[in-house]
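Structure record follows, encoded as structure tokens.
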Amino acid sequence: MEVEFPEFDVCVSNIPYAISSPLAAKLLFGGYRFRTATLVVQREFARRLVGAPGHGERNHLATNARLVADVTLLMDVSKAEFVPVPGVDSSLVEIRMKEDRPAEVQPGIGLDEWLEFTRVCFGQHQLQRRRQNKKRRKEEKTLGTIFKREEMAMELFRLSRRAEERDGNGAGTSGLDAPHHGDDDVGDGKEVEDGCFSKEEVVAFKERIAGALQSARLNNERPSRLSNDDLLRLLQLFIKRGVRFH
């Protein structure tokens, strides 16, 4: 997975099932310019990859694949067709790349911002993956549960600060105070772990997160049941309130 692929036009492969997800993501979002990739993958993975909006098996990869490619389930392959016989059934899928990779999912919302946002929604952020590794059973959380976690709120606070600095603090929509430096006052000495912003700022930021979820009426919804339009509407509300993901 760490090796860069040479230039290619067509790929046909029976890939190791254990790396299906990262390999598909690398093909889709690694900047490679190819026409098609036809892959033999585990049947359950194929179902998730081609899952339509509202389908319970739809995941982060399927949500984003449609932005850059058309993914088609070509056929199922019984495990009896292999020697030796594996323990799972397989499917043949085709990834056909679109001619142009969009820089934005819509005006004002970059593709990278969308990718990171959906990564959080579908539990693929590094903070969430560490938590999942400690649990054997993975259950899809509601959006309200995902975004109310303390560590996630703090991570988004830091990302939003960096985005505001990167964008020159000129947007005027975030409402975040300017970052504190040196010995500047940080609000009656009440500081969170990093020591660079006050608890009051963090509380206000969490209220912005809650406000976006409430306005979208998606608090109790699970990401796999939502369309890209639903998720995009939520991201717009987050950005409007200064909550950034990239």
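The values are calculated or read from the model by the stated rules, or taken from the named source; none is laboratory data. For clarity, every value in this text was computed on a predicted model and none was experimentally measured. Note that each Cβ is placed from the backbone with ideal geometry, even for glycine, and that neighbours are counted across all protein chains shown.
Within region 125-142, does at least one residue satisfy the condition of being buried (at least 19 other Cβ atoms within 10 Å of the Cβ) and modelled with pLDDT of 90 or more? Taking every residue of region 125-142 in turn, none turns out to be buried (at least 19 other Cβ atoms within 10 Å of the Cβ) and modelled with pLDDT of 90 or more.
Every condition in (1) in contact with a helix residue (DSSP H, G or I) (Cβ under 7 Å, 6 or more places away or on another chain); (2) farther than 17 Å from N228 by Cβ is met by V68 except one, and the failing one is (2).
Put simply, of P22, P53 the only residue that is of a type outside the set (F, W, Y) and at pLDDT below 85 is P53.
Looking only at region 80-126, count how many residues are touching a strand residue (DSSP E or B) at 6+ places or on another chain (Cβ under 7 Å) and not in a strand (DSSP E or B).
6
Here is a check on your reading of the model: is A65 in contact with a Cys (Cβ under 9 Å, 6 or more places away or on another chain), in contact (Cβ under 8 Å) with a residue 12 or more places away in the chain and of a type in the set (G, A, S)?
no
Just one of (1) in contact (Cβ under 8 Å) with a residue 60 or more places away in the chain; (2) under 23 Å from T118 (Cα atoms) fails for T36. It is (2).
Candidates in region 56-72 are the residues that are among the small types (G, A, S) and crowded, with 20+ Cβ neighbours inside 10 Å; of these, the one that is modelled with the highest pLDDT is A69. Only one of the numbered conditions (1) touching a Leu at 6+ places or on another chain (Cβ under 6 Å); (2) surrounded by 13 or more Cβ atoms within 10 Å (Cβ to Cβ); (3) free of Cβ contacts under 8 Å to residues at least 24 places away in the same chain is violated by M75, and that is (2).
Does V88 count as touching a residue at least 60 places away in the same chain (Cβ under 8 Å), farther than 22 Å from T118 by Cα and surrounded by fewer than 14 Cβ atoms within 10 Å (Cβ to Cβ)? Yes. Exactly one residue among A46, A24 is touching a residue at least 60 places away in the same chain (Cβ under 8 Å), buried (at least 16 other Cβ atoms within 10 Å of the Cβ) and not β-branched (V, I, T), and that residue is A24. Among the conditions (1) more than 27 Å from C121 (Cα to Cα); (2) modelled with pLDDT of 50 or more, the only one that V186 does not satisfy is (2).
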